[in-house]
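Some notes on the structure that comes next.
Rule-based calculations on the coordinates, nothing more; no lab input. Note that the structure is predicted; figures quoted are calculated from it, not measured. A quick note on method: Cβ atoms are made from the backbone with ideal geometry, for glycine too, and the neighbour counts reach across all protein chains shown.
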């Protein structure tokens, strides 16, 4: 719903006469409501002009916060499957605008305008910061819930393996985790089943060095200094760390398959001498390298350690996340209901202060103008043209840069 606030100079006449002029100008285009303007402190015209520019920005910022709360409340109500009505002081926003009355207790009218504006903006900024914090916390909790749901109900590429790998499945699975061997779980997309099963023993075929002396063929050379350490090219012959024959399919669903594969855990690169200084050897983590190669081939090595207790723990965690999300959603929806009205009231008071300040700057002192509120029918374009005809001059109503409307009277729009 669109509203327009307009003020014109009384020009020595009575406020009632001006009100009737304003009402007549809108005949058939809008409903007219009297807007009681409080007696505010003017201050100097220079300070009033500066404040007017600042209030234009504050007006836009406060409106954006109003819309943000509206959007948040709408999204929360959609999640809950029920409609939420936001009110201002217990009444719909449109009714509040039409019946607007200055809140003298909250915003004392005898305080300097700059202090009033700071008071209003400070309160709204605090609410905005609180909304940001609550929204961030709620989003984090939602993400945790979605992650828990994905781990429980997703395919084998992402599901919590403790949920799907039951005792019956694991009973026939042999797991190795020694100094030299490690059994890894590899999730494979269904479309890659054939290529994985046929090529699994070739994955990472350049990772492990199998070169060196073959002492089984020449036992007499066992222990000779030229047959070990840095003098032996371990990488003259390379191969995969996969233990032949260790691949086994243990689980599958409509989208993916889960295999176990036993691989070499690591390989030691021997040390060497640089002059008289011995450089220590290094240990290559073959599990990490094998995982990287699998990832490049769109196979996913799953970090997993079987624990039958974790299935029930995952279910409990999912339930806990759901309860927390529901509670935070209810609390945030209640927060929006409470603070929407507070921010809307602040926004309307800023509008009224803007009308007052712009009217004083336009019509001069002493303060002598009349303000009304129009409830427009449509977008307000026809009403604006009618007001221009009634109270404007014959000059161009658009500034030369064609970016800002100009009228010979004060006009502010409010969308509720």
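Structure summary
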read-out: Enclosed volume per residue, in Å³, of the convex hull spanned by Cα atoms of segment 166-305; value: 140
read-out: Packing-based order for 263-276, 350-363, using average beta carbon neighbours within 10 Å, highest first; value: 350-363, 263-276
read-out: Relative packing of peptides 43-53, 89-99 - highest average C-beta neighbours within 10 Å first; value: 89-99, 43-53
read-out: All Cα pairs of segment 288-373, percent lying beyond 19 Å; value: 73
read-out: Computed lengthening from residue 23 to residue 54, 0.36 nm per intervening residue step minus Cα-Cα distance; value: 8.1 nm
read-out: Using alpha-carbon coordinates, inclination of helix 309-363 to the longest axis of the chain, degrees; value: 30
read-out: Sequence-separation-based contact order of the chain, relative, with Cα cut under 8 Å and 6+ spacing, percent; value: 35
read-out: Rounded, prolate or oblate (a/c below 1.5 giving rounded, otherwise prolate when a/b exceeds b/c) for segment 1-79 by Cα gyration tensor; value: oblate
read-out: Volume in Å³ per residue [convex hull over Cα atoms, computed for segment 55-125]; value: 108
read-out: Cα centroid separation - segment 123-166 against segment 11-84, whole Å; value: 39
read-out: 0 to 90° range, to nearest 10: angle between helix 15-25 axis and the chain longest Cα axis; value: 60
read-out: Acute angle (nearest 10 degrees) that the helix 113-153 long axis makes with the longest principal axis of the chain, alpha-carbon atoms; value: 30
read-out: Computed E for residue 126/residue 68 - FRET, C-beta separation, R0 22 angstrom, nearest 0.05; value: 0.95
read-out: Ranking of 146, 35 by count of other Cβ atoms within 10 Å, fewest first; value: 146, 35
read-out: Listed peptides 161-170, 365-374 by packing density, highest first (mean Cβ within 10 Å); value: 365-374, 161-170
read-out: Using a Förster distance of 60 Å, the FRET efficiency for residue 337-residue 170 (Cβ separation, nearest 0.05); value: 0.75
read-out: Percentage, to the nearest whole number, of Cα pairs in the chain over 39 Å apart; value: 53
read-out: Estimated FRET transfer efficiency (residue 39, residue 84; beta-carbon r; R0 45 Å; 0.05); value: 0.75
read-out: Cα→Cβ-extended label distance, 7 Å offset, between residue 379 and residue 198, nm; value: 6.3
read-out: Rel. contact order, % - alpha carbon contacts under 8 angstrom, at least six apart, segment 166-305; value: 32
